Amino acid sequence: MPVAAVTTSPPSAWDRPAGGAFTLVFTTLPALLRLTCGLVGAVTALAVRTPPVRVGLLVPLVAALTAWSVWYAARALWRGVTGPLVAGDVALTTAACLLVPWLVAPEVLPGEGSWIAILASTTVINVQATAPARWSVPAGLLVTAGYVLGTTTAGNPVEARAHAATLLVQTGCTAMVTAVMRRRIGRADRAFGDYQRLARAAVVARTAREAECRQNRDLHDTVLATLTMVGLGAVAGPSAALRDRCAADLRTLAALADARSVPTAGPTALDDRLRAVLARLPELPVRATLAPCAVPAEVAEALAESAAAALSNVVRHAPGAKVTLGLARVGDAVVVEVADDGPGFDPATVPPHRYGLRESIRGRMAAVGGRAEVASAPGAGTTIRLGWPGDH
């Protein structure tokens, strides 16, 4: 049997929100830092051109670094910081550091304030924030070595040692902070992923349980109700109504086997649905008062079938009782009421395993955000009041 290929897509920022936020922050900040440093450094570099600065070398190099800074920022903001982008930044910065004797005037070199010193600091910070430590730390050491070699060649070993210490501290601190943040963020995303998996499993389990309850309710209210009615002798001899009811029950079983679809959410005339329920119970005389009323289809289904379950209970447990069915709007709520003057019962004594009230009525109404109230007592009849929405 051929096996269908399963395609997977990489996790999105919605699947790893902490990691996505980290990537966004540590892409935007390095991009802006590189762009700012590039533009300010260009102005500063061209401001002092006293010998031994070679203007023929300084101008094209500054132009190249400025163009690179703009490209780096645009590329990082548009598609993120990639390995080649980091490598290019480190290579250009190291090359500029090695050319310090011909790019920086001796009077502005000390004090770690030259444009090359700022360029080196920016690069080592950016590379720690955008690359794994196994690559970023060696890259920081490479830039530091380039700066030491360039400033020593320029005749200022004091500046070489001072800014080398600064670069090493910047490399170590930024790498450590970034590593800690990555670990913490990884844990947060794993916890979020576990929560998402558990939530999906709970939804699947709840959906399966709701489907099982719907099928059990349908079976209880059709086939089992019909068999109980026959067993209690509610139908004497051959009956066309019984044949029609059995045919309807068979249609219900067939629909369950075919996994029928959930009703659409469009408005449905609830009064018509209730009249259809009464037509299914021709053996039960009911005085009905049904005001025109439209509700969502799934709500109409729940109210009508809950009322049908209540009327079936009358057929089984209170034959000969006078029955009324009412439909009205009470404020913002829709209310369906089924009442009979039969023998009644004590709702508190109904065993927990009995399915009728618990699932066919209360469970069905709760599934659509409605409610069911049962008022009954021995010798006082029974009133079942169905309401939707359930907070009224």
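Read-outs: derived from the displayed coordinates by stated rules, not from any lab. These numbers were taken from a predicted model, which means no experiment stands behind them. So basically every Cβ, Gly included, is an ideal-geometry build from the backbone, and we count neighbours across all protein chains shown.
Close amide H contacts of ARG49 (hydrogens built in the peptide plane, cut-off under 5 Å, sequence separation of 5 or more or a different chain): none are found. If the Kirkwood radius is taken over C-alpha pairs of region 114-207, then at 10 °C and 1.306 mPa s the Stokes-Einstein diffusion coefficient equals 102 µm²/s.
Equivalent-ellipsoid semi-axes for region 263-392 (Cα gyration tensor, √(5λ), whole Å, largest first): 23, 17, 13. Distance between the 7 Å Cα→Cβ label points at ALA91 and ARG358: 7.4 nm. Per the Debye calculation on region 294-366 with a single equal scatterer at every Cα and no solvent contribution, log₁₀ I(q)/I(0) for q = 0.23 Å⁻¹ amounts to -1.16. Annotation note: trypsin sites (Lys or Arg not before Pro) in region 290-364 located in DSSP loop regions with a Cβ neighbour count of at most 13 within 10 Å are ARG354.
Mean separation of Cα pairs under 8 Å and 6 or more residues apart, divided by the residue count, gives region 263-392 a relative contact order of 24 percent.
Between VAL169 and ALA145, residue separation times 0.36 nm minus the direct Cα-Cα distance comes to 7.3 nm.
Between ALA377 and VAL40, full extension at 0.36 nm per residue minus the direct alpha carbon distance yields a gain of 112.5 nm.
A crude spin-label estimate for the pair THR324 and GLU298, with each label 7 Å from Cα along the Cβ direction, gives 3.3 nm. The slack between ARG184 and TRP78, meaning 0.36 nm per residue of separation minus the straight C-alpha distance, is 35.5 nm.
Arrange the following residues from fewest to most other Cβ atoms within 10 Å of their Cβ: ILE185, ILE116.
Working: ILE185 18, ILE116 26.
Fewest to most other Cβ atoms nearby, the residues stand as ILE185, ILE116.
If you rank CYS37, CYS97, CYS173 by fewest surrounding Cβ atoms within 10 Å, what's the result? List each step's numbers first, then the result.
Working: CYS37 21, CYS97 26, CYS173 12.
Sorted ascending by nearby Cβ count, the order is CYS173, CYS37, CYS97.
Once backbone amide H atoms are built at 1.01 Å from N, ALA288 has LEU325 as its partners under 5 Å, excluding neighbours fewer than 5 places away on the same chain.
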